[in-house]
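Please read the structure below before turning to the comments.
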């Protein structure tokens, strides 16, 4: 039974990767750099995007919002006057806990790819399954907030290993928490040696300039690699 | 294809419910009340259990710890000198994002059910899939922390609907957050009208007495209902 399950999972991931490559081809054809933004629920993905995308110099950005239900985050980001498409995963059943390549593919017609340099895909809030499904992105970013505890890289290693950039958010709350940043970074280094990280506060804006610069450089990086 | 997926999901849930009933029978035979504790990663499940289980009057309690990887939480709770069993969901693949009835069943031999009145099952940190899989519990508790934002009941409605008790944790941080408790409670009422809630701080201990009393009453409530 376990072997059957493994085979079903492998088949599902193979199918996912095939569709992810088709998404990638579409992104390349339009010259769009794509990042997949992941975190636990409430780590601050949308608030950070509100800050970072508000003034992205010389980069035409769009957002694909993934949520089980509702369009709260898409509504917030639409106020930035950028193209935002909503993808809900909650049809029928309790809801999918992640985006996969096919869901992203079905949402692409709602986005003007030809008019974008950068697409940010905001995944469903979850530290497990989103890391398992490539959607055709160039880079994966994960946000962990300092209210979640220093042990998270060790408890959710695949997520912390899967990303090229880790944002440590809510550092404005550090004076009020028993949280050891060095311990978090040591745990991060243990599961993903050398991964880039930034300390940020989406609330106060501290560190957000660095993240904005990093995002703004994605399209050029992707074109240089092509 | 969508219909096939729905059928596979329904079959999986049917199989899960069958095993959940077998777990339930075992719990009943030993007179054990069982609660399933769920939350997003880092909402404070383990810290709250450290506080609440340390002095549970007249109730013999054990814990089943669900994690993708590691035994950090089980190690912490073992210091309370209560029976703790660890269940890791991360074999091979990136890891299961929830506990199901069969995983719990495989872990039961590691727990002295005959010597327990109450079993607390700490689920994997996730606001989606844990709500979809009954494991044989009497009650489901979910913790949301005030650092996660007021919109969570609307974004993860199944989780907030699935539980009999909602703990709003980390209220010690309220003075440092732009968080509106009344708005959270209104959103909670919208998805699960009349559900019981408690405001707590696992850090300072505020409100934990009420939760401890609620937990301590579970075995008697289960026996009365049998």
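At-a-glance table
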| item | result |
| --- | --- |
| The protein assembly as shown: mean projected area of Cα convex hull, nm² | 20.9 nm² |
| Pseudo-label separations to other copies for residue A:210 - Cα-to-Cβ vector, 7 Å, nm | 4.1 |
| Shielding by partners - mean other protein chain Cβ count within 10 Å, residues of B:126-135 | 5 |
| Pair residue B:78, residue B:174: separation of 7 Å Cα→Cβ label points (nm) | 3.8 nm |
| Among B:30, B:81, B:197, residue whose mean-square fluctuation peaks in a GNM of chain B (springs only between Cα atoms under 10 Å) | B:81 |
| Chain B - mean residue ellipticity at 222 nm from DSSP helices (-39,500 (n - 2.57) per run, n ≥ 4, rounded to 500) | -11000 deg cm²/dmol |
| Cα→Cβ-extended label distance, 7 Å offset, between residue A:28 and residue A:183, nm | 4.5 nm |
| Inter-copy label distances at residue A:164 (7 Å, Cα→Cβ; nm, one decimal) | 4.9 |
| Within a Gaussian network of chain A (alpha carbon springs, distance under 10 Å), most fluctuating of A:107, A:43, A:216 | A:107 |
| Volume in Å³ per residue [convex hull over Cα atoms, computed for the range A:2-225] | 135 Å³ |
| Full-stretch length increase - residue A:17, residue A:217 - with 0.36 nm per residue and alpha-carbon distance subtracted | 69.4 nm |
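Every number here is computed from the coordinates shown, using simple stated rules; none is lab data. What you are looking at is a predicted structure, and each value in this text was computed from that prediction instead of being measured. Please note: Cβ atoms are built from the backbone with ideal geometry, for glycine as well, and neighbour counts cover all protein chains shown.
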